[in-house]
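Below: one structure, written as structure tokens.
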Amino acid sequence: MKDGAKYPTHLVTEHLPYGFRHWRPPGYRDRRSGLAYDLIHMQPATTLKLGRRIEGGWLTVRTIKGQRILITGASSGIGEALARGLARQGARVALAARRMDRLKDIADELQAEGHFAFAAPMDVRDAHSVASGIAQAVKVLGGLDILINNAGIAYFGEVVRMSREALDAVIETNIYGVIYAIQKAAPHLAAQHGMVVNVTSGLSKRALPLLTVYAGTKSMLNALSDGMRLELRRHQIHVLNYSAPETATELSSHTLHEEGRSLPPIRRRLAEPERVANAIIGAIRRERRQVFAGAGLLWLALLMPRVVDHVFYRALVLRYGRDTL
Ligand SMILES: NC(=O)c1ccc[n+]([C@@H]2O[C@H](COP(=O)([O-])OP(=O)(O)OC[C@H]3O[C@@H](n4cnc5c(N)ncnc54)[C@H](OP(=O)(O)O)[C@@H]3O)[C@@H](O)[C@H]2O)c1
């Protein structure tokens, strides 16, 4: 194992127990990404990994160059920014989503810049479509090192008035899609000591009213990541659960909503998708296990749950009135 160049970086690393390479105090905010760290998972990694010095870091674990990566939901927003960022760092990327025209334009642009990118049609709600998309990606990329489960949609409205179609759409996209993809990708990832990245949300730890089902699917994604990280450990597949902050993407225009209730305009300044994508790429390189946005809300909800309930409720009544709530 002395000749590190012969092996993927993460195979030449040593694992030392009780390292604190990734430890940050709860609520710690990363200045570059603007992300805060999780209160529950306040030790995002329990191992210290020593590797070759690559791309400026002394303890870098995984180099992006040459990694074969499939990104779901790569036709816009965070997924598109991830595809661009990863390809420009030398990864071979497969872009998956339903809007093939958008995927092809992005892939063509990246190819014209000299990067390796191709578009694979995939509807994550359909198990057959996921299977054929992954098979195509493995064939074209020559294997698979990283699966990024980024595709997702939201629903805005009360749970009691939610239609069966909307419920199916949100749960099938945000949960079934992730499970289908991991099931199909796992044998390929195991062969490569690969990685699964699940993109979740700050709402996963404290649901906001009217976004309850969306928050619930993201909570389940947290649980899936925690459990599967251990289930996949014997196959040496690492799982990163990345909770993204509020980001300026097309998510709100894709959000399904209750009849007569539209998403309120967002006046806050949102994170740029490129910035969030860079932070995710950083977490992949360092093989983080959990990065969490929204620690402020989580702190508040833990310390003063009734106050948070009250504030949310008053805000809703003010906006919609008690009767139409
Ligand atoms: N924006 C935020 O504030 C925010 C915050 C926290 C977490 N997130 C999470 O970040 C992820 C990316 O969202 P985004 O903000 O970048 O929104 P976005 O621009 O709407 O991107 C969503 C992506 O998911 C894809 N998608 C949706 N349904 C699909 C399906 N059935 N099959 C395949 N692909 C599907 C869409 O592609 P097609 O329509 O072409 O299929 C699109 O590329 C989501 O999981 C979201 O929950 C977003």
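Computed from the coordinates by the stated procedures, all read-outs in this text should not be read as laboratory data. Here the structure is a predicted model, which means the values were calculated and not measured. Counting neighbours? That spans all protein chains shown, and the Cβs are built from the backbone with ideal geometry, glycine included.
Structure summary
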| read-out | value |
| --- | --- |
| Val307 versus Arg164: modelled label distance in nm, points set 7 Å from Cα along the beta carbon direction | 4.4 |
| Paramagnetic reach from Arg314 in region 203-224 [backbone N under 18 Å; point 7 Å along Cα→Cβ] | 209 |
| Ala244 long-range amide H proximity, modeled H, under 5 Å | Thr200, Ser201, Gly202 |
| Glu272 paired with Ala131, simple spin-label distance in nm, labels 7 Å along Cα-to-beta-carbon | 4.3 |
| Which of Lys104, Lys139 has the fewest Cβ neighbours within 10 Å, and the rest in rising order | Lys139, Lys104 |
| Placed amide H near Ile153: partners under 5 Å, 5+ positions off or other chain | Asn174 |
| Residues with amide H under 5 Å from that of Gln290, placed H, sequence gap 5 or more | Asn241 |
| Sparsely packed GluC sites (Glu not before Pro) within region 221-325, loop by DSSP, other Cβ within 10 Å at most 13 | Glu250, Glu259 |
| Distribution of pairwise C-alpha distances over region 150-241, 10 Å bins, in % | 17, 45, 25, 11, 1 |
| Overall Cα dimensions of region 179-325 - principal axes, largest extent first, Å | 56, 33, 27 |
| For peptides 117-127, 65-75, sequence by mean Cβ density within 10 Å, most packed first | 65-75, 117-127 |
| Kirkwood-based shape ratio for region 65-295, expressed as Rg/Rh from alpha carbons | 0.95 |
| Pairwise FRET efficiency - Arg233 versus Glu259, Cβ, R0 = 51 Å, nearest 0.05 | 0.65 |
| Extension reserve of the His193-Arg99 stretch, reckoned as 0.36 nm per residue once the Cα distance is removed | 30.8 nm |
